[in-house]
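Structure record follows, encoded as structure tokens.
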Amino acid sequence: MHRLFWKFFLSFWITLILFSAVVMLSASAYIDHLNKQQNVPGRLNRISQEYASAQAKADVSGIDGLSDWARKIDHQDLVPVLVIDAAGRDILGRVVSPSLLAHLRRREQHQGESDAPRRPLIRMADGAQYRLMPDFQSVTIGRFLSRPRVITVPLLAATLIAALVCFFLARYLVAPIERLQRAAQDYAGGNFNERVTPSLGNRRDEIVDLARALDNMAERLDTLISSQRHFLRDVSHELRSPLARVQAALGLVRQRTGDTITLELDRIERETECLNDLIGQILSLSRLETGMHTPICESIDLVQLVQIVVEDARLEAYVKGCTIDLAVPDSVTVDGDPALLHSAVENVLRNAIRHTANETSVMVTLNQAGSGSDCIIQVEDHGSGVPEAMLHTIFEPFVRVGEARDRASGGYGLGLAIAARAIQLHRGEVTAVNRRTGGLAVVLRLPARRRSTDQTVSIV
């Protein structure tokens, strides 16, 4: 009985039962109330009020006024009141049952008895006389439901009860699903520390089973990703030592052999430098992802930082046969870690230089829409662009658009990943879009510097 199916079934079933019960009980109570009015004191009081109202209408408007009064009572009240003339016909043409006529005749015969309630006559100006008779036999469920004034209160009560039951049922079902959604979003963002099952209390249904499976998946993924990161970090550290010995041995060989094998030694030296660069990038990424790098937070002149990065990269661009165009405002200041931001901009710019076509330019722009707005650094190249399906994955480690192209250009698929992690540590974001005229545009968005009156917030 604790499964989700039975909770749905029983909850809706009970809601319908309660709704129907409230309507039926309300109708029954109202009909009982009308039946009690047939007691002598209550009936006499009601008859007196009805006759007084009917006589007033008849005195003012005659037969038309009496007809209007009869229609109004028939529309409002559950029990119709017949207006019967001397011939036994209703003034509105409604059917008068034989039993009601027989009852009326018996009452006329007993008018002289002192204990019998008297029904005064409605007297018209032309001498015609009419009697008022409540027709309880005409009270039906259809008539009950068709009278808004009668049905409003029980319907409102039933609707309110049903709404409360459905509200708590919906809240009971939706609250854990919202909790699962937030946890899934945390997992998608790389935070695998969230656990859903403890927050669900003593529930025992399919939602708890799903939460438990999600927690197990998160724990497993966290273990695997942590193992992978530690493995890369440990391997990189272990490779650094033999690589240093290879470079030292290479220097000794150069001294002893002279220029006899210069080409071979140059090739070995280039390969060891590439390997050393790869290990350095892996270690940088590992420090960013595992939190080993503790960022600092200080005021940074972003214009000056971008200019320094561009100047350092101009030689690499010259070798590639391209140029770098720079467009920056007079001053843009942000709070952050200078080393991390320098690394982020440098990696994005070097990636653009590697993939832009020869004899083209790489455009670097820095702008801020206004005071308090985000700072945007955009780097555009004139390369072949990136497939649309990979625009979101190129910031993951070791992701390459083209294996042969990246090897030829010296890329390892780590530069953009390092840039993305560095910007994310500053509560910013990195996106990539294909340019309409060809090439790729990488956008680094950084939050604006907080005012001096604001509380200083550390980088996360």
Revision key, fill the gap. By Cβ neighbour count within 10 Å, fewest first, Thr437, Thr15 rank Thr437, Thr15
Exercise for review: Please give the peptides 440-447, 208-215 ranked by average Cβ packing (other Cβ atoms within 10 Å per residue), highest first, as a rough proxy for protection.
Suggested key: 440-447, 208-215
Revision key, fill the gap. Projecting the Cα atoms of Ile376, Ser331, Pro397 onto the charge dipole of the range 298-446, where Lys and Arg contribute +1 and Asp and Glu -1 at Cβ, the residue farthest towards the positive end is Pro397
Check your understanding: Which ordering of Ile308, Ile177, Ile353 is given by a fewest-first count of other beta-carbon atoms within 10 Å?
Key -> Ile177, Ile308, Ile353
Review point. For Arg256 and Glu298 in one chain, what is 0.36 nm times their gap in residues minus the Cα-Cα distance, to one decimal in nm?
Key: 10.1 nm
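Values quoted throughout were computed directly from the atomic coordinates according to the rules given, and no laboratory measurement underlies them. Computed from a prediction, not measured in an experiment: that's the story for all the values here. Don't worry about glycine lacking a Cβ; one is built from the backbone with ideal geometry, like all the others, and counts go over all protein chains shown.
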